[in-house]
Amino acid sequence: MSMRAYRVIQWGTGNTGSHALRFLLEDPLFDVVGVWVGREQNVGRSAGELAGLEPIAPSAGPAATHDVDALVALDADCVVYMAAEPQRSPSKPGTDGWQSIGVICRLLASGKNVVSTGISGLINPTTYGPEVYERLRTAADAGGSTFFGTGIEPGFMCDALALALTSVSRDIRSVRTQEVISYATYDQPNYHVSRGGIWGAACDGDFARSFARVLVAAGMGAPVRLLADALHVGLDDVTAAVEFAPAEHSFAVPMGTIAQGTIAGYRFEILGTVRGEPVIAVEHVTRLDPAIAPTWPRVDPGGFRVLIDGTPSYRVEVAFDEDDPNIAGCTGTAARAVNAIPIVCGAPAGVCSFLDLPMISAAGSVGGRRR
């Protein structure tokens, strides 16, 4: 690890970015030199205020901006890229996903390492095809910088943790991972039907099939393919299946109103198959109310499960020990990204997955180090 503070730009201050910003401001290992925000009303607000440190340290850190050129020009070691997940594929020119890749490439080419949770599929850098990968690689080569995509899921629970568990088994027949979380308190209006999202939409079979196709295109199969590569499994196909659960009565959540009979729960799985049999599977079970779909898998109050069918077999559960699993999930994602900064800054230039890096841990922050 470097003995000096890492100069860091925090890119995004939403549900996850605000937690990352707080971690960075509170740790003397990091010096926050810039903050990007997407919302006009946040421009000019201090990093401390956006991180929720008011009234303790409201003026801590720089003022937020959405001037990309100014931030690209800054001298910084690393950018923690947590802009909102794009709604369309990074592999299609002109989409918001393509534009997000363009911003990341500008940062890399300017000599800044990038740790990203903003495009989930990039936990596996080849998810979106050779063109996207080459854009990132070329930019990293130009800047002598490193790109790393991570998170809690994908980025750890259903890929790094699952792979580690395979090391204590043999003759493995299948690996299945599950994320089981309530979104009841998650404040992201873009996920609501009023903004074109899924929550509150009609429970329609055609929509379920189209949503399954979107999941594959959006890169949700990234951990499946990453595990397959790590385990030397040649997959014949990667497919998705989706099931919806309706609201039994109308109710409101922070992202909007959910009408009776509309989507209040969904369950999907991404399957990596060999000769028609699922060998690697990633499953998400998501509800807006604990009473929704009582027969679906549960992890209370929310968390993750890894199922290894081998010799021996394992069933491992990681449950949040927090009041609100949504906040815990966002905080865990932020922690993983911040903990990765020293590792990524010390890595050779290029485009990485967790397979290319030393183990990421909370080294240096155990014991609650604070300014």
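Values quoted throughout were computed directly from the atomic coordinates according to the rules given, and no laboratory measurement underlies them. Given the structure is predicted, the values throughout are model-derived calculations rather than measurements. Here Cβ is always computed from backbone atoms with ideal geometry, including for glycine, and neighbour counts include all displayed protein chains.
Compute the FRET efficiency between SER250 and HIS66 as 1/(1 + (r/R0)^6), taking r as their Cβ-Cβ distance and R0 = 41 Å, and round to the nearest 0.05.
0.65
As a check on your grasp of the helix formula, calculate [θ] at 222 nm for the chain: sum -39500 (n - 2.57) over DSSP H runs of n ≥ 4, divide by the residue count, round to the nearest 500.
-8000 deg cm²/dmol
Given the convex hull of the Cα atoms of the stretch 160-319, what is a quarter of its surface area in nm²?
Mean projected area for the stretch 160-319: 9.5 nm², to one decimal.
Can you tell me the order of 115-124, 324-333 when each peptide is scored by its average per-residue count of other Cβ atoms within 10 angstrom, highest first?
115-124, 324-333
With θ set to phi - 60° and the Karplus curve 6.51 cos²θ - 1.76 cosθ + 1.60, what are the ³J(HN,Hα) couplings of the stretch 193-207 in order, to the nearest whole Hz, using x for Gly and Pro?
Karplus values, whole Hz, x for Gly and Pro: 4, 5, 10, x, x, 8, 5, x, 7, 5, 7, 10, x, 5, 5.
Find how much the distance from GLU131 to LEU231 grows on full extension, using 0.36 nm per residue of separation minus their present alpha carbon separation; answer in nm with one decimal.
33.5 nm
Quick one: among PRO93, PRO301, PRO223, which has the greatest mean-square fluctuation in a GNM of the chain with alpha-carbon springs under 10 angstrom?
PRO93
How much length is gained on full extension from SER361 to ASP324, taking 0.36 nm per residue of separation minus their Cα-Cα distance?
Between SER361 and ASP324, full extension yields 11.0 nm more.
If you scale each eigenvalue of the Cα gyration tensor by 5 and take the root, what three semi-axes come out for the chain, rounded to whole angstrom and sorted largest first?
32, 25, 21
Would you please give the residues with an amide H less than 5 Å from that of ILE258, counting only those at least 5 places away or on a separate chain, with H modeled from the backbone geometry?
PHE251, ALA252, VAL253
If you take every DSSP beta bridge whose two residues both sit in the chain, what share of them, in percent to the nearest 5, is antiparallel?
Expressed as a percentage, antiparallel bridges in the chain total about 55.
Mind giving me the nanometre distance, one decimal, between the label points for SER210 and VAL43, set 7 Å out from Cα along Cα→Cβ?
3.5
Taking amide H positions as placed 1.01 Å from N in the peptide plane, with prolines and chain starts having none, which residues 5 or more places from ALA201, or on another chain, fall under 5 Å of its amide H?
Amide H neighbours of ALA201, under 5 Å, 5+ apart: VAL193, ILE263.
Using amide H atoms built 1.01 Å from N in the peptide plane, name the residues 5+ places from SER169, or on other chains, whose amide H lies under 5 Å from its own.
When sequence neighbours closer than 5 places are left aside, there are no close amide H contacts.
What does the net charge come to around CYS345 if you take all other residues with beta carbon closer than 12 Å to its beta carbon, with K and R at +1 and D and E at -1?
Spelling it out: positives minus negatives among the neighbours equals +2.
Provide the gained length on full extension for the span ALA291 to ALA84, in nm with one decimal, where the gain is 0.36 nm per separating residue minus the Cα-Cα distance.
Value of the extension gain: 71.6 nm.
Evaluate E = 1/(1 + (r/R0)^6) for THR239 and ALA142, where r is the Cβ-Cβ distance and R0 equals 41 Å; express this FRET efficiency to the nearest 0.05.
Once the sixth-power term is evaluated, E becomes 0.65.
Starting at the first residue of the stretch 316-331, write each ³J(HN,Hα) from the Karplus equation 6.51 cos²θ - 1.76 cosθ + 1.60 with θ = phi - 60°, in whole Hz, x for Gly and Pro.
Each residue of the stretch 316-331 in turn: 10, 10, 10, 9, 5, 9, 9, 5, 10, x, 5, 5, 4, x, 5, 5 Hz.
Suppose R0 equals 41 Å. What FRET efficiency, 1/(1 + (r/R0)^6) with r the Cβ-Cβ distance, do VAL274 and SER194 give to the nearest 0.05?
0.50
Could you calculate, for the stretch 76-202, the ratio of the Cα radius of gyration to the Kirkwood radius, expressed as Rg to Rh?
Result: Rg/Rh = 1.03.
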